[in-house]
Amino acid sequence: MLNRAVLIGRLTRDPEVTVGKKQDREWAVARFTVAYNHRYRKGDEWVDQPHFFDVRVFGKLARAVGEKYQKGDLVFVEGRLSQEKWETQEGQKKTTVRIIADTVRRIRPSEGRVTVETAPEERTYEDDEDIPF
């Protein structure tokens, strides 16, 4: 099976980083949202339709993203899709899909050229034991 998501967009806010310790291992998770506009033609006009994607990053990459990236940065994100389900206290079933990223890189347009920064600390998860939830 193939489950890969690739996205280029802007951070809607500064990444929020949480750190903790589980047994003898320290962990970190960064949470942020990436937005991009889908542009389409409606009659004689162009319409921008914004889309927002929740992203989670873990480990050293989470710390690096939290230290180096901020609201408004244009980023390249690659990872896998993860569907999460839960039930509210009122008994309603909820679901969301987010990107669990293993690559996050800043893109810097300048003088008609585009520079993609080297990833601070890429990480591929071999199994779900590395993810603290």
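Quick notes on this structure:
- Any hit, region 36-59, residues being touching an Asp or Glu at 6+ places or on another chain (Cβ under 8 Å) and assigned to a helix (DSSP H, G or I): yes
- Qualifying residues in region 1-46 (those that are within 19 Å of A64 (Cα to Cα) and of a type in the set (D, E)) - the one modelled with the lowest pLDDT: E26
- Of the residues in region 10-23, not one is of a type outside the set (S, T, N, Q), assigned to a loop (DSSP other than H, G, I, E, B) and more than 15 Å from the chain's Cα centre (by Cα).
- Residue tally, condition under 24 Å from R108 (Cα atoms) and either among the aromatic types (F, W, Y) or surrounded by 10 or more Cβ atoms within 10 Å (Cβ to Cβ) (or both), over region 5-50: 23
- Pick from region 65-92, criterion touching a residue at least 60 places away in the same chain (Cβ under 8 Å) and part of a strand (DSSP E or B), ranking: farthest from V55 (Cα to Cα): L74
Residues are listed down the side, and each one gets a yes or a no for (1) out of contact with any helix residue (DSSP H, G or I) (no Cβ under 7 Å at 6 or more places or on another chain); (2) surrounded by 12 or more Cβ atoms within 10 Å (Cβ to Cβ); (3) modelled with pLDDT under 95:
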site	(1), (2), (3)
R56	yes, yes, no
L81	yes, yes, no
T95	yes, no, yes
I99	yes, yes, no
P109	yes, no, yes
R113	yes, no, yes
V116	yes, yes, yes
R123	no, yes, yes
E126	yes, no, yes
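The values are calculated or read from the model by the stated rules, or taken from the named source; none is laboratory data. If you're wondering where the values come from, they're calculated on a predicted model, not measured in any experiment. Backbone-built Cβ (ideal geometry, glycine too); neighbour counts: all protein chains shown.
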